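K.L.:
For reference, the structure I am asking about is given below.
Derivation of every value follows stated rules applied to the coordinates shown; laboratory data play no part. Keep in mind the model is a prediction, meaning the values are calculated, not measured. All Cβ positions, glycine included, derive from the backbone under ideal geometry; neighbour counts span all protein chains shown.
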Amino acid sequence: MAEADLATAKREQALNPNASAYHAQQSAEKYVKAYLHHREVPFSKTHDLLFLSQLDPTLGEVLTEHEVALRTLTEYEAGSRYPPVIWLTQGQAAEAVEWSETIRDAVLRLLGAQ
């Protein structure tokens with residue numbers, strides 16, 4: 001599902017930047033939660049990527065350099081869908097996709113190292 005969200009984010013960049021950013025956030029969230037689940041780290045129902053990343057010391061350390069990405073993607077989760085809606089540009093959507101790919105790659109590296 002995380003890769004499907006990422007594929008949707010890429011596909012929607014030009015025509016629907018808000019949908020693109022939302023799906024980029026969803027992909028990143030699914031990768032982070034999959035890592036936490038794999039490590040048996042309990043987490044609550046939240047979309048806050050920075051909070052989630054800090055639940056595991058190793059994940060938090062790896063993703064700390066991406067704090068701006070984690071915060072911004074979290075804002076895009078609700079801000080791109082609920083009032084007051086944030087109207088995003090194609091450039092912001094492209095950046096969201098890049099961030100999501102970066103988070104995916106970091107999580108996959110961690111999972112491969114275990």
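K.L.:
What do you get for the angle between helix 17-38 and the principal long axis of the chain? Use alpha-carbon atoms, 0 to 90 degrees, nearest ten.
P.N.:
Long axis of 17-38 versus the principal axis of the chain: about 10 degrees.
K.L.:
Can you give the net charge of the other residues whose Cβ lies under 13 Å from the Cβ of K45, counting K and R as +1 and D and E as -1?
P.N.:
Numbers: positive: K33; negative: E29, D48, E77.
The answer is -2.
K.L.:
So what are the chain's ellipsoid semi-axes, whole angstrom, largest first, if each one is the square root of 5 times an eigenvalue of the alpha-carbon gyration tensor?
P.N.:
On the way: eigenvalues 111, 40, 27 Å².
Three semi-axes, in Å: 24, 14, 12.
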